Structure formats: C-alpha cells, structure tokens
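For reference, the structure discussed in these notes is given below.
The values are calculated or read from the model by the stated rules, or taken from the named source; none is laboratory data. Small disclaimer: the values here were computed from a predicted structure and weren't measured. Heads up, the Cβs are rebuilt from the backbone with ideal geometry, glycines too, and the neighbour counts pull from every protein chain shown.
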Amino acid sequence: MTGEQPTTAWPLALALACLVVYASLYPFGEWRDQGISPLHFLNEPLPKYWTGFDVGVNLLGYAPLGFLLALAALRSRRVPWAVSVAVLGAGLLSLTMESLQTYLPSRVSSNVDFALNTLGAWLGACCAWALERFGLIRRWSDVRARWFSSDARGALVLLLLWPPALLFPAAVPMGLGQVFERLELALADALIGTPFLEWLPVREMELQPLVPIAELLCVALGVLIPCLLGACVIRSRWRRLAFSAAVFVTGLVTSALSAALSYGPEHAWAWLDVPVQVGVGFAAVLALLLLAVSRRASAVLALLALTVHLGLLNQAPADPYFAQTLQIWEQGRFIHFYGLIQWLGWLWPYAVLLYLMLRLSGREPVLPAET
C-alpha cells in the first residue's frame, strides 16, 4: 500500500456527510418542540406505506458514506476494524439526523429509514473491504502514485466534484459560478426596510447577454480550467494528454445529460451550437499547447483562466426562459437533491480559486513536467 500520499477518502467522506446532513434537515426552518423524546421513533410501529424509491434512497444514500469511511480507515492503517467503525459512524449520523427530524414539521423520523441507512452503510463498507481484500485498493494506490504527485488530494477532490456541478443546467455551457446577479438581488431583498439599502450601488444598465465571442471564450475557459487543475498534480505530459481527453468527454457527456434532464432527451445536444463548438475546439488547442508547462505554471494559468471566466460569466444575466426552466427542473426529485447540485455549480469555481491561491502561496517545489 502506498503510504506517501494522503487518501482522498477522508475529505470525500466529510463532503458526503455534509450532503447527508443537508438532505436530512432541509429546509432548515420552522423548528418546534413536540414535547416528545427525539428517540421516540425507535419504538414506533413499522410504517404501513413505503415505496421502492424510499428504500432505494435510504440504502444508496448511506452506501457511499460507509464505503468512503471504511476505505479511509483501510488506507490509513491506523483504524482497526474498519467495517465496524464505518458502520458505527454512519449509523450514529443516521440516528442523529432521524432524531433532529423530530423537530422539523416537514420531516418524519422513521425507524425503517434508520435501519436502511445503517444497512446501506454496511453494504458500502463491505464493498470497500472486499476491494482491499482482492488487492484492488493497492492497485489504485500504485496507479495514483504513478499519475499524481503526493500533494494531489485537494485537486482530486475538486476534480471529482466537477461533473456533478455540471449536472445543474447553466445559462452558458461549462459556465459554473454565475452568482453576481443572484447575490445582488438577495442582498437587496435582505436590506429592504433598512437604511443600508441606499448604500447598494445601482447599475446604470441591465446585464446584457454575452456576445458570441464572449460566450466562445467562456466555454473554452470553462472546460480548460479542470484540465489545468489536473496538470497541477499530474506527473507527465502524456498522462496530462489522456486526462485532458477524459475531461473533454466528461464535460460534453455531463452537459448533454443535464440538457436531457432539463429540456427532454430529444434536446440533449441542442446546447452544442456554433459558439460552443468553436469554444470547445479552442480549449482543445490550448490544452495541447500547455501540456509541457510546469505544475506551478499550470496553477498560475488556471488561476488566470478562472478569474477571466468568472468575470465574463457574471456580466451576463440568466434569461427568463432559462430561469423558468430551472424552476421546472427543481421540482423533479432526480439528482437535484434539494438544490444541493445547484449550490455545487455556483460554488465549485470559488473553491478552486481558493485552492489555487493556497497552493501558490505555499513553499512546494516547482517541478517541470516529465516527458
């Protein structure tokens, strides 16, 4: 087992635990005390009505958490009884969430949900144990050591979150982080009735849709940023090439899936118009030209690309048709997860921005790309 590289399982498990908390306690409002014990649901009769969807959600919702907790314990070699620890940790989280739901009028605590959550965590933990038993975890560690630098954990977590962030439909393809207009409106609403409302700067003109050349550049930078982020931690230029190709395929397929969920399967590729096609092609050329730059230079270029991308994207409004589509899309229960994917799409670029600034402010060596 390669012990030099910190495992990404711990931060991924933490992120997934936060996701579970968000989904379990949403919408976080109208808390009230019913005068009963928060653990009363453990002794309640089994619910009379349940669906296969409910069973699947409760099982699959905790299976990845059990898998990641057990994997992290197995990789660290410092936590004995990895499966038991993973099931205990996930079970305690489920028990806490079900207990807190007692105080939420829109949620119902359930002993069946608690049992299914714990069972799902056990299944996930057993899967991690089986992979370790058959040596697949060791093989992945060897592959990771050959492909990525020892400080790749943060970048890998962000790269794994990029495809889910693309699932929420964006006004500009590959355009993540369009928050300026929403922040402006939210701040104005929050300050209504206060003297501070007059302090807000007033724009002389409304935001205008991007012209084709700006949209082209925005798309190109949107797909180039994860390529540069990966280049910060990938050891050789040929592996960078393979990784960049995977980024392009993932971005296109995920965007098509997002469009299919938003507008219907027949419109899965309707977003791929001429500016987007040219933007993707331009990004491919740039990715090829930048294969040989050093890892630190890749971080600098990623930071620059991200700044320009966010500056362009936040100069454009979300058109009314797009806003209406979001309202319809959010009503579905597939993938939107109480708006969490939307938040991920908004915040992912800013998390990358923070990561790159922290990386560039460190004292890590400047290593050239290997041949």
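For the range 208-265, the tally of residues that are touching a Ser or Thr at 6+ places or on another chain (Cβ under 7 Å) and either modelled with pLDDT of 90 or more or among the charged types (D, E, K, R) (or both) stands at 7.
Filtering the range 340-365 to residues that are at pLDDT below 80 and more than 12 Å from the chain's Cα centre (by Cα) leaves GLY362, ARG363, GLU364, PRO365. Residues in the range 152-179 that are touching a Cys at 6+ places or on another chain (Cβ under 9 Å) and either without any contact (Cβ under 8 Å) to a residue 12 or more places away in the chain or over 30 Å from TRP271 (Cβ atoms) (or both): ALA152 alone.
Out of curiosity, is TRP271 surrounded by fewer than 22 Cβ atoms within 10 Å (Cβ to Cβ), of a type in the set (A, V, I, L, M, F, W, C) and part of a helix (DSSP H, G or I)? Answer is no for this residue. One residue stands out among those in the range 224-263 that are β-branched (Val, Ile, Thr) and surrounded by fewer than 18 Cβ atoms within 10 Å (Cβ to Cβ): the one that is nearest to ARG359 (Cα to Cα), which is THR250.
Based on this model, can you work out whether SER106 counts as of a type in the set (Gly, Ala, Ser), part of a helix (DSSP H, G or I) and either closer than 19 Å to ASP33 by Cβ or not assigned by TED's automatic domain parsing to the domain that holds PHE41 (or both)? For SER106, the condition - of a type in the set (Gly, Ala, Ser), part of a helix (DSSP H, G or I) and either closer than 19 Å to ASP33 by Cβ or not assigned by TED's automatic domain parsing to the domain that holds PHE41 (or both) - is not met.
Among the residues that make up the range 42-53, is at least one of them among the hydrophobic types (A, V, I, L, M, F, W, C) and at pLDDT 75 or above? Looking through the range 42-53, at least one residue is among the hydrophobic types (A, V, I, L, M, F, W, C) and at pLDDT 75 or above. Inspection of the range 54-65 finds no residue satisfying the criterion of being among the aromatic types (Phe, Trp, Tyr), over 23 Å from LEU344 (Cβ atoms) and either assigned by TED's automatic domain parsing to the domain that holds GLN101 or modelled with pLDDT of 80 or more (or both).
Of the residues SER84, SER94, which single one is part of a helix (DSSP H, G or I), within 29 Å of TRP31 (Cα to Cα), at pLDDT 85 or above and of a type in the set (Gly, Ala, Ser)? Just one listed residue meets the conditions, SER94.
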